[in-house]
Structures are given as C-alpha cells and as structure tokens.
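A.B. asks: This is the structure I want to talk about, given as structure tokens.
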Amino acid sequence: MKSTKILATILAATLFASTGCGVSDSIKSLLLTSSGANNNGFYNLPGVDATVQLKVFAVYHSGKQIDVTNDSTWNVTPVGCATATDGSNSGALCSLGGALPPYGPDTVPINKTGLMTGIVGLCTWIDAIDSTTGKPASPPVWEYTGYYQTTASYRGFTSQPVGIGVGVVASPTAAGCGPA
C-alpha cells in the first residue's frame, strides 16, 4: 500500500512537470517575409501600382508562428538615392537622381494587410557597367542605388529589415529600370 502511494506520487509529479505548467509560451522574435517581384532575394516594385506582399509572424519560444500582420506597425527608412533616368548610369553616384522621397501615402504606402504599392515615379536600380566594354551590362546586372528599408513592430518587438527597391519609371534604356 505504501509503495503504491509512493509510485502514485512520483507519477503525479512527473505528469505535472511534463505539462509545462507555469511556463508561458511567449514571443521570441518577429519574422518579416515578403513576396512579389524579386531578383535573387532583392525585392522590387516594378512599375506603377506594382505590389510586394509583406507578412509579419510572431515567433514563439515553442516554435509556433502566428500571423500578426494586421496588428503590426511599419517602419520604413529611405536608404541611398534614386538613379538618373537619362540612361547615363551616372545616377549610381546620386549625382543626377537625388535623394529618395520619404516614406508615405504618396510614395510606397503599406496598407493594414501588409501590401506595399509603388506610386511615386522613381528608380532605385542601375544596370552595372561591364568592365570590358565600359557600357551597361547586357543582359542587365541590376544593383541597388537605394531602397526602402522596411521593418515591422509588434508588442515591443521589431523584425529584421527587408530592402525594397522601386522601378516605377519608364527608363530610356532598353533594359528598363530594375528587375521585373
């Protein structure tokens, strides 16, 4: 009888300990994902009204991920410059293109569901110069001259950044403006 009580107590303690009682499954980090036009992981808004879908996931200590996109806030910082649209490739130095316009409803807005849309006419890409010919590479080798660095915040956490270039301009070069 005594050994049965001891065995029952041990089993109850083991069961109680294995349920994780008292341990909360709290958020560990945020994961920002994006889908849309991309070129080897570099995202682009390739034209007026082009979109990139951003999704924010709360990653918990247990490993589960919950979509918190609709409850997140967006932080967008312009980095670099726009390129020249005269086909000269000198915009890589920002000499002809100028600074990127600030993030806002008239540039590259992000709605509540995480959809980022290209509105403002600008280009943040340049076709790399071919070292043997001194001319733009053919086929194009796209490089950022600027981008909108985007992060999401939720409950005191901030995601990793995602860079999004913009190709919302008709370019006079045959290559266009950025990857399609």
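A.B. asks: In the stretch 25-55, what residues are at pLDDT below 90 and within 16 Å of residue 107 (Cβ to Cβ)?
C.D. replies: 43, 44, 45, 46, 47, 48, 49, 50
A.B. asks: I've got another one for you. Would you pick out the residues in the stretch 124-158 that are under 15 Å from residue 46 (Cβ atoms), assigned to a strand (DSSP E or B) and hydroxyl-bearing (Ser, Thr, Tyr)?
C.D. replies: 144, 147, 148
A.B. asks: A follow-up question, please. Filtering the stretch 52-62 down to residues that are surrounded by fewer than 16 Cβ atoms within 10 Å (Cβ to Cβ) and farther than 18 Å from residue 158 by Cβ, which residue is farthest from the chain's Cα centre (by Cα)?
C.D. replies: Step one: of the stretch 52-62, the residues surrounded by fewer than 16 Cβ atoms within 10 Å (Cβ to Cβ) are 53, 60-62.
Within this subset, residues satisfying the condition of being farther than 18 Å from residue 158 by Cβ are 53, 62.
On the way: 53: 9, 62: 24 Å.
The selected residue is 62.
A.B. asks: Looking at the stretch 127-157 only, could you name the residues that are farther than 17 Å from residue 78 by Cα and either touching a residue at least 60 places away in the same chain (Cβ under 8 Å) or touching a helix residue (DSSP H, G or I) at 6+ places or on another chain (Cβ under 9 Å) (or both)? If you could, list the steps in order and put the result at the bottom.
C.D. replies: At the first step, the residues of the stretch 127-157 found to be farther than 17 Å from residue 78 by Cα are 127-142, 153-157.
Of everything in the stretch 127-157, those that are farther than 17 Å from residue 78 by Cα and either touching a residue at least 60 places away in the same chain (Cβ under 8 Å) or touching a helix residue (DSSP H, G or I) at 6+ places or on another chain (Cβ under 9 Å) (or both) turn out to be 128, 129, 142, 153, 154, 155, 157.
A.B. asks: Give the residue that is farthest from residue 166 (Cα to Cα), with candidates limited to residues of the stretch 64-83 that are at pLDDT 95 or above and in a loop (DSSP other than H, G, I, E, B).
C.D. replies: Out of the qualifying residues, it is 64.
The values are calculated or read from the model by the stated rules, or taken from the named source; none is laboratory data. Keep in mind that this is a model prediction, so the values were computed, not measured. Ideal geometry is used to build each Cβ from the backbone, glycine not excepted, and the neighbour counts take in all protein chains shown.
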